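Report on one structure; see the data block that follows.
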Amino acid sequence: MIENMEHKDAKQIDAKGKDYRTLNKEIRESVNDGINYITVKNVLGQRFIADGIKNRTLRISIFGVAGGDLGAFMDGPTIYVRGNAEHAPGNTMSSGTIIVDGDAGDCVGHSMRGGKIFVKGSVGYRVGIHMKQFQERFPTIIIGGSAYSFLGEYMAGGIIVVLGQNCTKPVGSYVGTGIHGGTIYVAGVVDDNDLGVAASKKEFTDEDRSIVSALIDEYNQHFDSSISIDELTFTKIQPSSKRPFSNLYTMEG
Amino acid sequence: MCGIIGMLNKDGKRIDGSLIAEGLSLMDERGNGQGAGYAAYGIYPDFKEYYALHVFLDNLKEAKVDVEQEIERWGYIVYSEEIPTSEKGTIEGEKIPYRYFFKPDPRKLLGREYNEQDAIVEMVMRINAKRSGALVFSSGKNMGIFKASAWPEDVARFYKIKKYKGYMWLGHNRYPTNTPGWWGGAHPFGLLDWSVVHNGEITSYGTNKRYVESFGYNCTMLTDTEVVTYLFDHLIRKHQLPLGLTGNALAPKFWNEIDALNPNVRGVQTALRLTYSAAAMNGPFAIVVANTNGFIALTDRIKLRPLVVGNKDRTVYVSSEEAAIRAMEPSLDRIYNPLAGEPVVHQLEGHVQ
């Protein structure tokens, strides 16, 4: 994967001093010209990179700090960030992959509908907020370090995995507040007091193990790491019932 | 949405304003060109004994005469001038920024029970409440606020910000949502040597406003952030709370978090919540508040607005976005996101150079 990202014929774009409109226009024009590999250097907070691009073969490498809403609404591309990402990478993305070789800010995978996001380090608040699944669309977020509070807030589908590497506490408080679909796997202990409304712990089954194990393998490939599922104990968090809020808006049930 | 930024050299080494302007301008998307500003500490060493009053004047006739008469009721002006600006007439709704270096005269304060700083506060409140064409927007010693209704880079150019050297800088890029964009509504807000920059909304503004007004403060800037300035002045200068506890009072922990605390700390946090319920700020916010000694950065207790803190050697940076910090200092020793409601306090440790 990493070798693919820095393809020898990749189109080089220097982002230094460019505002996000100019930069994104350049990326979009390259894609329209049929270019499949793009390397963007000196990125410093430019927002909306690769937003809305529909292309399954496109690979973009970003060097620097990727600005907010990286890959929002994108459908298919693979983005590799050599550095940190600011708020909401993968906002409402439909498919494709975002790999962040560093930390990421708040709301990673906000309303994500499909595809995968890998973050090597830690992430901010409200990661996976509103993520959802439907038929073949199934979003997945894998975090190597820790996640702050409100992880999986209002989550309606997909999977979040927190590996909790190099940290004292893998997740903050209010985990899965308002969750009504999907699954959160946390390596380590999650205190009952840190569970949000509607979230509850479930048994980590063999099926869960094989799902998480495959995702860890993929994480290891991306970041050249050797984390083993055998060294980790997972807490599985899901909605407390099929319809935890059935009494909130309706009289039935 | 707004952009906030700040930097402090703990050794008191002064740098010019071009760096903070560069960092702030990187976050132009966080504003809409209707307000930006800077606060700089250590910029008036030759006048450091005097209060530097920065005033927006509507004109250089009646408004100027009027405000000078008011100021001279409280003391004497040692030096005054128009704040040097460029590109006159290029910023909408332009006012004339003027500055007075001022010393309160104890003889003129005879019969009053308050000290010098109280006198300054009352004077500023009176001038601003009169709305007679003059607005005092900065009133500290050896510091100053520079702001206007424009983009960060335009405000920096307008005030020739690179000609000032400060050991601490704050900056703000405004995106007014609930109240009008105008010169007085731009951040930073200031009173004495306090300055405040804020991203978000103070939804408890009504309660907080009534609270500070009961102690003689007047809210005249038509926007919520102003009240934060007076809350800090009141809690720290009058009640003498330490910065960190002031942060806890204004962004109090949830009761279930307080219940889970160690009993020694629980008592303090309980007392703060009960005593300062009318001062507690609700709503989404990230703020940086500074005075001569340093700054405190704080978010609301569930982190509805971003805040990033970084440092390199003896300089601390704070911002809404990581990229803005890296624009000022590419090779940081550390960069992190503080926890929600966790006061980040950094103080000047050396002497201003």
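None of the figures in this text is laboratory data; all of them are computed from the coordinates on show. What you see is a predicted model; the values in this text were computed from it and never measured. Counting neighbours? That spans all protein chains shown, and the Cβs are built from the backbone with ideal geometry, glycine included.
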Inset, instruction - Provide the three semi-axes, in whole Å and in decreasing order, of the ellipsoid equivalent to segment B:81-208 as defined by the square roots of 5 times the Cα gyration tensor eigenvalues. - result: 26, 20, 15
Inset, instruction - Translational diffusion coefficient, Stokes-Einstein: compute it for segment A:186-252 using the Kirkwood radius over C-alpha pairs as Rh, at 4 °C and 1.567 mPa s, and state it as an integer in µm² s⁻¹. - result: 92 µm²/s
Inset, instruction - Please turn the phi angles of segment B:245-259 into ³J(HN,Hα) values with the Karplus equation 6.51 cos²θ - 1.76 cosθ + 1.60 (θ = phi - 60°), one per residue in order, whole Hz, x for glycine and proline. - result: 5, 4, x, 5, 5, 7, 10, x, 5, 5, 4, 5, 6, 5, 4
Legend entry - Spin-label model distance (nm) - B:Lys160 vs B:Asp46, 7 Å beyond Cα toward Cβ: 1.2 nm
Legend entry - Set of lysines with alpha-carbon distance to B:Lys163 below 20 Å, sequence-local pairs under 8 removed: B:Lys13, B:Lys48, B:Lys88, B:Lys141, B:Lys147
Inset, instruction - Give the calculated FRET efficiency between A:Ile227 and B:Gln353 to the nearest 0.05, with a Förster radius of 56 Å applied to their Cβ-Cβ distance. - result: 0.70
Legend entry - Cβ-based net charge around B:Asn178, under 9 Å, with every Lys or Arg adding one and every Asp or Glu removing one: -2
Inset, instruction - Apply the Debye scattering formula to chain B, with a single equal point scatterer on each alpha-carbon and no solvent, then give log10 I(q)/I(0) at q = 0.07, 0.10 Å⁻¹. - result: -0.27, -0.56
Legend entry - Residues B:Asp313 and A:Asp217, FRET efficiency given R0 of 51 Å [Cβ-Cβ distance, rounded to 0.05]: 0.80
Legend entry - 9 Å beta-carbon shell around A:Tyr174, net charge (K/R +1, D/E -1): -2
Legend entry - Nearest-ten-degree value, helix A:20-32 long axis tilted from longest Cα axis of chain A: 80 degrees
Legend entry - Surrounding net charge for A:Ser94, when Lys and Arg each add one and Asp and Glu each subtract one, Cβ distance under 10 Å: +2
Legend entry - Sites matching GluC sites (Glu not before Pro) across segment A:141-216 that sit in DSSP coil, with at most 14 neighbouring C-beta atoms within 10 Å: A:Glu203
Inset, instruction - Provide, in order from the shortest bin, the percent of all Cα-Cα pairs of segment B:287-353 in each 10 Å bin, continuing until the bin that contains the maximum pair distance. - result: 20, 51, 27, 2
Inset, instruction - Using the structure shown, select from A:Lys16/B:Lys165; A:Lys16/B:Lys312; B:Lys165/B:Lys312; B:Lys103/B:Lys130 the pairs with a Cα to Cα distance greater than 25 angstrom. - result: A:Lys16/B:Lys165
Inset, instruction - Of the listed pairs A:Lys132/A:Lys202; A:Lys41/B:Lys10; B:Lys10/B:Lys160, which have alpha-carbon separations greater than 27 Å here? - result: A:Lys41/B:Lys10
Inset, instruction - Send over the per residue convex hull volume for the protein assembly as shown, Cα only, as a whole number of Å³. - result: 171 Å³
Inset, instruction - With just the Cα atoms of segment B:137-284, tell me how far they stretch along each of the three principal axes, in Å, largest first. - result: 53, 33, 29
Legend entry - Value of Rg to Rh for segment B:210-353 (Rh from inverse mean 1/r over Cα pairs, i.e. Kirkwood): 0.98
Legend entry - Label-point gap, in nm, between B:Arg107 and B:Leu339 - each point 7 angstrom along Cα→Cβ: 5.7 nm
Inset, instruction - List the residues whose amide H sits under 5 Å from the amide H of B:Leu191, counting only those 5 or more places along or on another chain, with H placed 1.01 Å from N in the peptide plane. - result: B:Ser139
Inset, instruction - Using the Karplus curve 6.51 cos²θ - 1.76 cosθ + 1.60 with θ = phi - 60°, work out ³J(HN,Hα) for each residue of segment B:229-241 in order, rounded to whole Hz, and write x for Gly and Pro. - result: 4, 6, 4, 5, 4, 5, 5, 8, 6, 8, 8, 6, 6
Legend entry - Residues with amide H under 5 Å from that of B:Arg305, placed H, sequence gap 5 or more: B:Phe285, B:Asp300
Legend entry - Residues with amide H under 5 Å from that of A:Leu195, placed H, sequence gap 5 or more: A:Tyr174, A:Val175
Legend entry - Separation between Cα centres of segment B:147-197 and segment A:192-253, rounded to whole Å: 46 Å
Legend entry - ³J(HN,Hα), Karplus 6.51/-1.76/1.60, whole Hz, each residue of segment A:109-125, x for Gly, Pro: x, 3, 6, 4, 10, x, x, 10, 10, 10, 10, 5, x, 9, 10, x, 7
Legend entry - Range of Cα positions in segment A:1-157 per principal axis (Å), largest first: 40, 31, 28
Legend entry - Two-site label geometry, B:Glu70 and A:Ser200: point separation in nm, points 7 Å out along Cα→Cβ: 6.3 nm
Inset, instruction - Work out the mean other chain Cβ neighbour count within 10 Å for the residues of B:319-327 and drop it here as an integer. - result: 6
Legend entry - R0 of 30 Å, Cβ-Cβ distance B:Arg131-B:Ala278: FRET efficiency to nearest 0.05: 0.65
